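One structure is given below, encoded as structure tokens.
The values are calculated or read from the model by the stated rules, or taken from the named source; none is laboratory data. All values reported here derive from a predicted model rather than from experimental measurement. All Cβ positions, glycine included, derive from the backbone under ideal geometry; neighbour counts span all protein chains shown. In case anyone asks, the SASA skips ligands and DNA or RNA and just uses the protein heavy atoms, side chains included. Shrake-Rupley method; radii C 1.70, N 1.55, O 1.52, S 1.80 Å.
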Amino acid sequence: MSTELWTAVDGYIENLFLPDDPALSAALADSTAAGLPEIAVSPAQGKLLTVLARAAGARRILEIGTLGGYSAICLARALPADGRLVTLELSPLHADVARANIARAGLAERVEVRVGPAVEALAQLAAEGAEPFDLIFIDADKPSYVAYLEGSLPLARPGTLIIADNVVRQGRVLDATSDDANAQGAARFNERLAAEPRLSAIVLQTVGSKGHDGFAIAVVME
Ligand code: SAH
Ligand code: DHB
Ligand code: MG
């Protein structure tokens, strides 16, 4: 197994499917310049989010964990002109960088970045009586993933797609005694996803420029 080969194949996929994307390139460059960690989804994973959001016919999308707005741009591109993406972010700096990146991508009208702890923001959305979301992307701090799933279900409807990033963590989810809080959080999330009768779900492991990890993909049942 070789990260070099996975990265080369990611390059091949990007050349075919994402040859030139100034808004996304600039979003990454400005995120790095502002000192944000380089942990956005890969370009191919971002395109997967766009494709899934289009397949779902999503008009309302919720994201948990904005960073510099890379995945938010990928998701919001799938929205119709009157669609809406709400993205939740703890860090005011990350939120500022994201707003600028989203505006440059021409998506400011469709995207709202909410700053604060996401568990509280989810409860607030429910209290506001927010219309159900068609797609929910979970990608913030891994130890809170179960709480994010619990906070997301009341904001969903039958047919809502729930996607979560980083649920394999280079296989560290296999180690029940791991002291890696992120892997433990992902493992508890996967167990909850598998046991949740309201969901039909699977985990797909991924390799590529971001190493070995995985996406959980679930749909809310009737
Ligand atoms: N989805 C982004 C990457 C998100 S990285 C992309 O692919 O482009 C994870 C983000 O979650 C970071 O910006 C971090 O600040 C944020 N985060 C961490 N803890 C959080 C919390 N409790 N509530 C909301 N956001 C949180
Ligand atoms: C890491 C990667 C991610 O995609 C993320 O959302 C958080 C952390 C990481 O590799 O540390
Ligand atoms: Mg992630």
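Answer with yes or no whether Ala176 is away from ligand 1 (no atom under 15 Å from the Cβ), modelled with pLDDT of 95 or more and either more than 28 Å from Gly83 (Cβ to Cβ) or part of a helix (DSSP H, G or I) (or both).
Values: away from ligand 1 (no atom under 15 Å from the Cβ): yes; modelled with pLDDT of 95 or more: no; either more than 28 Å from Gly83 (Cβ to Cβ) or part of a helix (DSSP H, G or I) (or both): yes.
No; evaluated as a whole, the condition is false for this residue.
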| query | If you scan the stretch 77-127, which residues turn out to be in contact (Cβ under 8 Å) with a residue 60 or more places away in the chain, part of a loop (DSSP other than H, G, I, E, B) and either of a type outside the set (Gly, Ala, Ser) or on the phi < 0 side of the Ramachandran plot (or both)? | reply | Ala105
| request: With the condition kept exactly as written, say whether any residue in the stretch 135-147 is modelled with pLDDT of 95 or more, open to solvent by less than 30 Å² (accessible area, probe 1.4 Å) and either over 12 Å from Ile64 (Cα atoms) or touching a Pro at 6+ places or on another chain (Cβ under 6 Å) (or both). | output: no
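Restricted to the stretch 30-46, and to residues that are of a type in the set (A, V, I, L, M, F, W, C) and open to solvent by 60 Å² or more (accessible area, probe 1.4 Å), which residue is nearest to Ser209 (Cα to Cα)?
Of the stretch 30-46, the ones of a type in the set (A, V, I, L, M, F, W, C) are 33-34, 36, 39-41, 44.
Next, only the ones that are open to solvent by 60 Å² or more (accessible area, probe 1.4 Å) stay: 33, 39.
Details: Ala33: 20, Ile39: 11 Å.
Restricting to residues being of a type in the set (A, V, I, L, M, F, W, C) and open to solvent by 60 Å² or more (accessible area, probe 1.4 Å), the top hit is Ile39.
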| Filter result for Arg188 (more than 14 Å from ligand 2 (Cβ to nearest atom) and either surrounded by 14 or more Cβ atoms within 10 Å (Cβ to Cβ) or farther than 22 Å from Leu49 by Cα (or both)) | yes
| query | Within the stretch 56-76, restricting attention to residues that are in contact with a Gly (Cβ under 9 Å, 6 or more places away or on another chain) and in a loop (DSSP other than H, G, I, E, B), which residue is nearest to ligand 1 (Cβ to nearest atom)? | reply | Ala58
| Of the residues that make up the stretch 138-154, is at least one more than 16 Å from ligand 1 (Cβ to nearest atom) and in a helix (DSSP H, G or I)? | yes
